[in-house]
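K.L.:
To start, I am sharing the structure in question, which I have written as structure tokens.
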Amino acid sequence: MGTDRAKHIDIAKGISITLVVLLHSQLAPYIYFITEPLSLVRMPLFFFLSGLFFSTSLKPTIFILQKADSLLKPYATVLTIALLCSYFLLNDGSLLRNIAYVAYGNGLTLERSLGWSWVPLWFLPHLFLVYFFCYVLHKSLYYQELSTYLQFIVIISLVVLGSVSIDMFMEKEFTFFGVSFVVPGLPFSADILFLTSSFFLAGALFKRYIVTFSTNICFAFICFLLFIFISEFTNANISLNARIFTSPFLAMIAALCGIYLILTISVIINMRPWLSYIPSKLGSASLYILLFHSIIDNSVYRRLSFENEDIVLTIIKATVAFLLSLTLPLFFKRVIESNLVLSLGFVAFKNNRLLQRRKSG
């Protein structure tokens, strides 16, 4: 995001990743009255923002390779290190099974292979799948040539399909040639693809308005009231990794209201440089925060201990772990991107400044 006009999008990404980290933190149980309602906007916002700069201008092979480079490569790098540490340091003898679970690439199989700390990484292979699906959709339906009305119809259709299929394969027993087996969801979380693609395509559809977003405080207040009403007085809920999508119509209204509110907050923050610095930094480091926040939070929380620990000390400990899980990845980003060897495993080749510098030299 090189322009000031689009800086609010980095700020929105910073808010988005902060909400994700907060949910996964040890602090979450103590502020459930905040984290629970935000389930309606947390992941929809992530996919909506991811769709803002979606383009199909590249040839299919180059498009797939670039998305694999930017999304699957860091996923594979981090989890390969985690697998080797689990095998050699923790004496986990189930290496081949764990490799298969990681390759399957959804939240449940990641939890079974390496534990809860690595579950949030399900987002990366799934986002790769979303890019691939939306690319095929654009090319096969000539999607960009459709009117805004027809594109909106496609998005609504995906929401309907997603609401029907979201839990179709999660922990369900199937029989094939007399052999029964339980499916832990589909690979790369493909069973939520229709729903997540609807948010992604909505971001792409409204890109022009979001990049030049202007606030309407009156409309934002209405969105706030709607969001509070739906989150507090209905059973609407969105939890993609758990395959929960209840009261789909109300959940979608709340998600869109929440997205509008966060974009409004982002634009307001962007007007004040002293406020915008931290969230924009978090937004630019969202990949590294996603990769490392959970393992940092859990590790710090376990290692901090106090004698005669009470609820106040426990909350302080959880707060420290939360703050470190947000800030330490910024340091990791700096170290990784300044090292040629490390950057190869995390930074997309087309954006790798060290490689570009070496080529130009």
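K.L.:
Got a sec? Which helices (runs of 4 or more DSSP H) wholly within region 11-88 have at least 2 residues that are modelled with pLDDT of 95 or more and either within 16 Å of the chain's Cα centre (by Cα) or surrounded by fewer than 22 Cβ atoms within 10 Å (Cβ to Cβ) (or both)?
P.N.:
42-50, 60-67, 73-88
K.L.:
Here is a list of conditions, (1) surrounded by fewer than 21 Cβ atoms within 10 Å (Cβ to Cβ); (2) modelled with pLDDT of 95 or more, and PHE245 meets all of them except one; can you say which number that is?
P.N.:
Of (1) surrounded by fewer than 21 Cβ atoms within 10 Å (Cβ to Cβ); (2) modelled with pLDDT of 95 or more, only one is false for PHE245: (1).
K.L.:
Filter region 159-200 for residues that are of a type in the set (Asp, Glu) and surrounded by 13 or more Cβ atoms within 10 Å (Cβ to Cβ) and give the result.
P.N.:
The answer is ASP167, ASP191.
K.L.:
Also, quick follow-up: Kindly indicate whether SER86 is over 20 Å from TYR131 (Cα atoms) and in contact (Cβ under 8 Å) with a residue 24 or more places away in the chain.
P.N.:
When the stated conditions are applied, SER86 passes them.
K.L.:
So if I check each of ILE296, ILE265, ILE269, ILE289, which one is open to solvent by less than 50 Å² (accessible area, probe 1.4 Å), farther than 30 Å from TYR75 by Cα and at pLDDT 95 or above? Let's see the steps before the verdict.
P.N.:
Numbers: ILE296 fails: farther than 30 Å from TYR75 by Cα; ILE265 fails: open to solvent by less than 50 Å² (accessible area, probe 1.4 Å); ILE289 fails: farther than 30 Å from TYR75 by Cα.
Every option except ILE269 fails the conditions.
K.L.:
Hey, another quick one. When residues of region 162-200 are filtered for being hydroxyl-bearing (Ser, Thr, Tyr) and touching a Cys at 6+ places or on another chain (Cβ under 7 Å), how many remain?
P.N.:
Applying the first criterion (hydroxyl-bearing (Ser, Thr, Tyr)) to region 162-200 yields 163, 165, 175, 180, 189, 196-198.
Narrowing further to those that are touching a Cys at 6+ places or on another chain (Cβ under 7 Å): 197.
Matching residues across region 162-200 total 1.
K.L.:
Still on this structure, please answer the following. Output the number of residues of region 229-244 satisfying the condition of being within 18 Å of ILE34 (Cβ to Cβ) and touching a residue at least 40 places away in the same chain (Cβ under 8 Å).
P.N.:
7
K.L.:
Let me confirm something: among ASN106, ASN98, which residue is touching a Pro at 6+ places or on another chain (Cβ under 9 Å), among the polar types (S, T, N, Q) and under 20 Å from GLU171 (Cβ atoms)?
P.N.:
Working: ASN98 fails: touching a Pro at 6+ places or on another chain (Cβ under 9 Å).
Just a single option satisfies the conditions, and that option is ASN106.
K.L.:
Right, next: Based on this model, can you work out whether ILE295 counts as in contact (Cβ under 8 Å) with a residue 24 or more places away in the chain and within 22 Å of LEU45 (Cβ to Cβ)? Steps first, please.
P.N.:
On the way: in contact (Cβ under 8 Å) with a residue 24 or more places away in the chain: yes; within 22 Å of LEU45 (Cβ to Cβ): no.
Against the criterion (in contact (Cβ under 8 Å) with a residue 24 or more places away in the chain and within 22 Å of LEU45 (Cβ to Cβ)), ILE295 does not qualify.
The values are calculated or read from the model by the stated rules, or taken from the named source; none is laboratory data. Keep in mind that this is a model prediction, so the values were computed, not measured. Don't worry about glycine lacking a Cβ; one is built from the backbone with ideal geometry, like all the others, and counts go over all protein chains shown. These accessible areas exclude ligands, DNA and RNA; they are computed on the full protein's heavy atoms, side chains included. Shrake-Rupley method; radii C 1.70, N 1.55, O 1.52, S 1.80 Å.
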